[in-house]
Amino acid sequence: AQTVTQSQPEMSVQEAETVTLSCTYDTSESDYYLFWYKQPPSRQMILVIRQEAYKQQNATENRFSVNFQKAAKSFSLKISDSQLGDAAMYFCAYLVTGANSKLTFGKGITLSVRP
Amino acid sequence: DTAVSQTPKYLVTQMGNDKSIKCEQNLGHDTMYWYKQDSKKFLKIMFSYNNKELIINETVPNRFSPKSPDKAHLNLHINSLELGDSAVYFCASSQRLAANEQFFGPGTRLTVL
């Protein structure tokens, strides 16, 4: 079974600084996708960034980038120039496509941003 | 236009009651899902449907019965509600079964008293 581990329950960052959120996963599949979702207090699930496992290049979306280490099964999220609006819960998630396609989530991390 | 909508957004009810949560997507997607987020914020798949056909039933109690009248709708009916059913329920959809992106609804917060 696939598992996703986010070992840090909480992190804090100063506004305008950089923060890295950690995620590891376990799978025997070779083709899969990894995601970071943001859940603000409004509880809406917002897709932050997606990484295809077959791509070696790390995904980036503006201030958000990932460090994808396939051999180590590690998928961390870096947020640069942190903003107050980045404060939220962040979930790492794994998806293997196919007949039983489903998202498997980590437990999430609460990120606070200090002004 | 809301891509994936859920009604109601909040639901407060007594133990033992039966309730339904509705989900609709206007994206033309084939596949829809129900996820449960518990009090510790842990998100877990409950069901998935593809073209109205049940694909995943993740060991959910029989009191939970999803129904897909057409591929744009996936409703969740819960019988004999228990305190432990209190959670946020998210509906999601994807273009097809093997798609690599799922679009989430706003969630329904269910509180069982």
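Would you check if there is a residue in the stretch A:29-38 being assigned to a loop (DSSP other than H, G, I, E, B) and within 11 Å of chain B (Cβ to nearest Cβ)? Can you show your working first?
Of the residues in the stretch A:29-38, the ones assigned to a loop (DSSP other than H, G, I, E, B) are A:29-32.
If we keep only those that are within 11 Å of chain B (Cβ to nearest Cβ) as well, we get A:31-32.
Taking every residue of the stretch A:29-38 in turn, at least one turns out to be assigned to a loop (DSSP other than H, G, I, E, B) and within 11 Å of chain B (Cβ to nearest Cβ).
Within the stretch A:80-114, work out how many residues are open to solvent by 50 Å² or more (accessible area, probe 1.4 Å) and of a type in the set (D, E, K, R).
So the answer is 3.
Report those strands (runs of 3 or more DSSP E) wholly inside the stretch A:47-115 carrying at least 2 residues which are modelled with pLDDT of 95 or more.
Of the strands (runs of 3 or more DSSP E) lying wholly inside the stretch A:47-115, those with at least 2 residues that are modelled with pLDDT of 95 or more span A:64-69, A:74-79, A:88-95, A:109-114.
The values are calculated or read from the model by the stated rules, or taken from the named source; none is laboratory data. Note that the structure is predicted; figures quoted are calculated from it, not measured. Glycine also receives a Cβ, built like all others from the backbone with ideal geometry; neighbour counts cover every protein chain displayed. Calculation scope for accessible area: heavy atoms of the full protein, side chains included, ligands and nucleic acids excluded. Shrake-Rupley method; radii C 1.70, N 1.55, O 1.52, S 1.80 Å.
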